[in-house]
Amino acid sequence: MRTHRQLTTAAAALAVVLVTGPAFALGNARQGFGLGIGSATIANGLSFKGMTGPGAVQAVAGFWGGGGAKHRFGEAHGLALGADYLFEMPSLARSRWFSLDWSVGLGAGVGVARFDDRAGRAGSGVAGLEFNFTTIPLDLTVEYRPTLRILHDVGLDLVDFTAHLRLWF
């Protein structure tokens, strides 16, 4: 529990530094790469997104498990990594202040428990709605993520959601 609190405090401090330092940001959302906090298949923690031509690679490194919806938050069971490949689609709407964009793709995640040899593996589909602010290099993303758990138990979660908040460089 103590390690979970320390890592949560470190993630919160990183988020404060990223959000309060937009003068150091180099690009707009959907250009370059973004860093922040978020959730993916199995993993909750530090979120990264990098554009790769017509698509994007998204990864989250942090905690596995816990309480809350789909046991996503609360006491962490261990460490996890989630990665997605996203196909970036044309914008749904644009204004002076933000663009509303969307993406679809596939993701996978792995997690390792702290106290035993349990491992978690899962695959998921991803459909995301992105609010990319144009006056500051910030994005807020909400994703629908139907997930197939492979290990440590097998199951299908047809209703699951994740989110990301990132500053772009």
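Computed from the coordinates by the stated procedures, all read-outs in this text should not be read as laboratory data. Being a predicted model, the structure only gives us computed values, none of them experimental. All Cβ positions, glycine included, derive from the backbone under ideal geometry; neighbour counts span all protein chains shown.
Looking at Ile136, Ile150, just one residue is in contact with a helix residue (DSSP H, G or I) (Cβ under 7 Å, 6 or more places away or on another chain) and hydrophobic (A, V, I, L, M, F, W, C), and that residue is Ile136. Exactly one residue out of Gly105, Gly125, Gly109 is within 21 Å of Ser47 (Cα to Cα), in contact with a Pro (Cβ under 6 Å, 6 or more places away or on another chain) and in a strand (DSSP E or B), and it is Gly125.
Pick from region 116-153 the residues that are surrounded by fewer than 16 Cβ atoms within 10 Å (Cβ to Cβ) and free of Cβ contacts under 8 Å to residues at least 24 places away in the same chain: which of them is nearest to the chain's Cα centre (by Cα)? Across region 116-153, the extreme among qualifying residues is Val142.
Could you tell me how many of the residues in region 146-162 are under 22 Å from Gly38 (Cα atoms), acidic (Asp, Glu) and not in a strand (DSSP E or B)? So the count comes out to 1. Among the residues of region 88-129, those identified as touching a Phe, Trp or Tyr at 6+ places or on another chain (Cβ under 8 Å) and of a type in the set (A, V, I, L, M) are Met89, Leu92, Leu100, Val104, Leu106, Val112, Ala113, Val126, Ala127, Leu129.
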